[in-house]
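Enquirer: Sharing a structure, written as structure tokens. Questions coming.
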Amino acid sequence: MIAAGAGEYKSKCEHCHGGVDASRAGWAETMRPIPPALAHAAQRWSIGEAHWIVRHGVKMSGMPAFGPTHDEAPR
């Protein structure tokens, strides 16, 4: 599950949020608000809060809702 999650993060999240030894894409720097570096920002959120953000997105930002297109079952 960890490897699958890492692959999803790399393909769907890393370009905006960056990752371990990976910067966000240059175009993501022009977004407002700038997407937070999740290695640091997510430490302030509970697991439930992080889940809600990924599932529902954040209105008035570039954060999409992944709930409608991704099921929660482990692969």
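Enquirer: Can you list residue pairs whose Cβ atoms sit under 7 Å apart, with the first residue in the range 12-32 being in contact (Cβ under 8 Å) with a residue 60 or more places away in the chain and the second being among the acidic types (D, E) and part of a loop (DSSP other than H, G, I, E, B)? Count only pairs 6 or more apart in sequence or on different chains.
Expert: none
Enquirer: Out of the residues in the range 19-75 that are out of contact with any Lys or Arg (no Cβ under 7 Å at 6 or more places or on another chain) and aromatic (F, W, Y), state the one that is farthest from A6 (Cα to Cα).
Expert: W27
Enquirer: Taking the range 2-56 only, how many residues are of a type in the set (A, V, I, L, M, F, W, C) and either touching a Gly at 6+ places or on another chain (Cβ under 7 Å) or at positive phi (or both)? Write out each step before concluding.
Expert: First, the residues of the range 2-56 that are of a type in the set (A, V, I, L, M, F, W, C): 2-4, 6, 13, 16, 20, 22, 25, 27-28, 31, 34, 37-39, 41-42, 45, 47, 50, 52-54.
The next check asks that each one be either touching a Gly at 6+ places or on another chain (Cβ under 7 Å) or at positive phi (or both); those that pass are 16, 31, 37.
Adding up the residues that qualify gives 3.
Enquirer: Do you know which of the residues in the range 21-41 that are farther than 17 Å from G62 by Cβ and within 13 Å of the chain's Cα centre (by Cα) is modelled with the highest pLDDT?
Expert: Taking the range 21-41 as the starting set, the residues that turn out to be farther than 17 Å from G62 by Cβ are 21-22, 39-40.
Going one step further and asking which of them are within 13 Å of the chain's Cα centre (by Cα), we end up with 39-40.
Working: A39: 83, H40: 86.
Ranking the qualifying residues of the range 21-41, first place goes to H40.
The values are calculated or read from the model by the stated rules, or taken from the named source; none is laboratory data. No experiment lies behind these values; they were computed from the predicted model shown. Positions of Cβ are backbone-derived with ideal geometry, glycine not excepted, and every protein chain shown enters the neighbour counts.
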